[in-house]
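Reviewing the structure listed below.
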Amino acid sequence: MYVAAANASARAAGIAPGMRVSAAQALVEMLVVRLRNVTAEQEAAARLAAWSGQYTSQVTLVSSNTLLLEVAGSEKLFGDLPALMARVRKELAGLGYTAQLALAPTPLAATWLARAGRECCLTDYGPLFRELAELPLTSLGLAPEREALLTGLGLRTLVDCLRLPRDGIARRAGRETLEALDRAFGRQPDPRAAFVLPERFHARLELPAPVDNSQALLFPLHRLLLELAGFLEARGVGAATLEFELRAFRAEPMRLSFKLLTPSRDASHLVALVRERLERFELTAPVEEVQLNVDALQPLGAQPLDFFERAQAPEELRAQLVERLQARLGREAVQGIVSCADHRPERAWRYVAPGTETEETVCGQRPVWLLPAPLPLAPRAGQLYLHGTLALEPERERIESGWWDDAEAARDYFIARAEDGRRLWVFRDLRDRERWFLQGIFA
Amino acid sequence: MSLQEVLQRPDVWRGGYAPSVAATESGFEALDDLLPGSGWPHGALTELQCAQEGIGELRLLLPTLARLSRGDRWVAMVAPPYIPYAPALAAAGIDLSRLLLVHPRQGADHWWALENSLRAGACSAVLAWVGRAEASHLRRLQLAAEAGDCMGFLFQRQAVVGSPAALRLNLSAAGPNALNVQVVKRRGGWPTGPVRLEVDRALAMSASSRVSTRNSYARRA
């Protein structure tokens, strides 16, 4: 087995890529070795390609560690090109990747410059020639024997190659090398196939160590949500259902699902919802891998951009508040009410989802507060009593209704005044031995 | 030094001069005359102390809530003591599709829900019955109300010592359908009142304006 990559402290100890693992372990005693997972690298590269679709519609996945973004068309939207590069670098760091970025007029030149670690932002062919000329021969990516041949000829950098006659290079290094040089310097066109965005979002993140604290899961879930936000931006849609799957070793996977009232692609809002839910979430086993699946993508309404400030639409603000409250308190703790057409007062209303339109109904004078269940009143000395005697006002309302279902009601309603000034809504139940009940308070 | 220059100095306070405050009319003229800005202050907390429920404390707010519910932000009620009765609120002119009821179960959640509703900028008014409040809680809520440009109405049984609320009113019963309102604290002025308000009069105005548009329903006995 050979070393494919080493971190900074391993390199400081003398471990270099290409070394045998046994040799590396001989150099450093407590060496942590992980197997390279090529499939995971390819999946991550595909997800990153989808994520970078928010900057441009032309993304090419060259290999599992190289991505090409065609940004000439994005310059106006993102400010100038150096600003765009800085933003991409910062957001990649937020996702947990370190990257070498280079900008050049041709795709191959950009690939070579980035791989060589020369982070430059070139827009003209003159500076491009100067930068490319200094690149070492290894940038060409030739087969070892051909590279050995050219090095044997005394060629060290690309400019040395360019000084040779063209048919000479073609014979010694192959026709494809000549074509590559032409494409890199812009003498020949280099069309690339665009990466096709997937229909659904599936992302997996393996955690470096098992996590048994639900709060600590926020960090990897945050990263997944940032990738999701980029993907949604690239596709121009929003997500209304998020499914998180938390996998543990030898245990049932735990699921966290979110249903949003309106589709959203605002990363900060989604992170806030996840944070609230995680505070209440109990982990049954240490989590080793987290997955995010978003299958239902819905179109997001286009929002006009203000010249000065991007204000959120009022319905978005309202929906976000309801979602945040429901994420922490539970769905049934945040509700709206509507009135229903029924003469029986306890059925003339019901709980609904917030924001539901109500139908108009007609009724007499009604109290603002209703008790959850009518409270029986025990009379004292022939008068109604509740923390003091109650005096009844002369007007009464008789409600007889509900013969068609089991909750038939026949009641005489009165407004009662208490000694301390309160106004109460009481009724005498005509079907229940003329007992008196309190049902509402006029607040 | 001329008189004008003296009056311009920041350390001179002119009696009877109320600072201009963004406010919404309460619908009761006698109360508006006492309040700075002639109404309930925007982006601030109003503390309503009433020892008993049912004396008209909610009906005091109904005209304002009716107007606010016609806008595009929520009118939220956090932890109401009883069920808000939809037909009565609709008759008062409140658009029920803008009413949001929040019922937190645990104690700490009350404060979290209240603070978030005030701060989010998605509510024009939040009414809360959250129990005993400390002055430090109210300070945070006051800042949240400013951040979200929201009117917070806190109903308390007892006065909170050192409360930073912008407006504090003490409500007591004054006979059937009437309320005595005492202004315990207001910005830019000293305590005043009590003023007697007929709470059903404003209600009757909005109810009658609705009845005139409904002429296709038969009135029930």
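Worth pointing out:
- Sequence-separation-based contact order of chain B, relative, with Cα cut under 8 Å and 6+ spacing, percent: 25 percent
- Counting only other chain Cβ atoms within 10 Å of each residue's Cβ, the peptide A:54-60 averages 0.
- Summing +1 for each Lys or Arg and -1 for each Asp or Glu among the other residues whose beta-carbon sits under 13 angstrom from that of B:Glu53 gives +2.
- Cut-off 9 Å between beta-carbons: net charge of the residues surrounding A:Glu276, Lys and Arg +1, Asp and Glu -1: +4
- Protein-protein interface of region B:109-139, residues with accessible area decrease of at least 50 Å², isolated chain reference, 1.4 Å probe: B:Asp109, B:Trp112
- The portion of the accessible surface of region A:121-257 made up by carbon and sulfur, rounded to a whole percent, is 52 (1.4 Å probe; DNA, RNA and ligands excluded).
- Computed over chain A with a Gaussian network model linking Cα atoms closer than 10 Å, the most mobile of A:Thr356, A:Thr106, A:Thr56 is A:Thr356.
- Rolling a 1.4 Å probe across the protein heavy atoms gives region A:228-342 an accessible surface of 49 Å² per residue.
- For region B:61-89, accessible area lost to neighbouring protein chains reaches 50 Å² or more, against the chain alone with a 1.4 Å probe, at B:Asp72, B:Trp74, B:Tyr82, B:Ile83, B:Tyr85, B:Pro87.
- Accessible area per residue, Å², region B:71-169 with all protein chains present, probe 1.4 Å: 32 Å²
- Taking A:Val338, A:Val28, A:Val274 as the candidate residues, the one with maximal mean-square fluctuation in a Gaussian network model of chain A, Cα springs under 10 Å, is A:Val28.
- Heavy-atom accessible surface of chain B: percent carbon and sulfur, 1.4 Å: 51 percent
- Within 10 Å of the Cβ of each residue in B:94-105, the mean number of Cβ atoms contributed by other protein chains is 6.
- Accessible surface for A:Trp112 stands near 10 Å², nearest 10, in the context of the full protein assembly shown (1.4 Å probe).
- Chain A, relative contact order [Cα under 8 Å, separation at least 6], %: 9 percent
- Gaussian network model of chain B, Cα within-10 Å springs - most flexible of B:Leu169, B:Leu143, B:Leu45: B:Leu143
- Antiparallel content of DSSP bridges confined to the protein assembly as shown, in %, to 5: 75 percent
- Taken residue by residue and averaged, Cβ atoms of other chains lying within 10 Å of the Cβ of A:331-339 number 6.
- Accessible area buried between chains A and B, both sides summed, probe 1.4 Å, in Å² to nearest 100: 4800 Å²
- Ordering of B:58-65, A:345-352 by burial proxy (mean other Cβ atoms within 10 Å per residue, highest first): B:58-65, A:345-352
- Sulfur and carbon atoms: percent of accessible area, region A:353-443 [1.4 Å]: 48 percent
- Accessible area of region A:32-85 divided out per residue, in Å², using a probe of 1.4 angstrom: 57 Å²
- Neighbourhood charge, 14 Å Cβ-Cβ cut-off, centred on A:Leu135 and excluding it, Lys, Arg +1 and Asp, Glu -1: -1
The values are calculated or read from the model by the stated rules, or taken from the named source; none is laboratory data. A quick note: this is a predicted structure, and the numbers were derived from the prediction, not measured. In this analysis, Cβ positions are derived from the backbone assuming ideal geometry, glycine residues included, and neighbour counts consider all displayed protein chains. All accessible areas refer to the heavy atoms of the entire protein, side chains included, with ligands and DNA or RNA removed. Shrake-Rupley method; radii C 1.70, N 1.55, O 1.52, S 1.80 Å.
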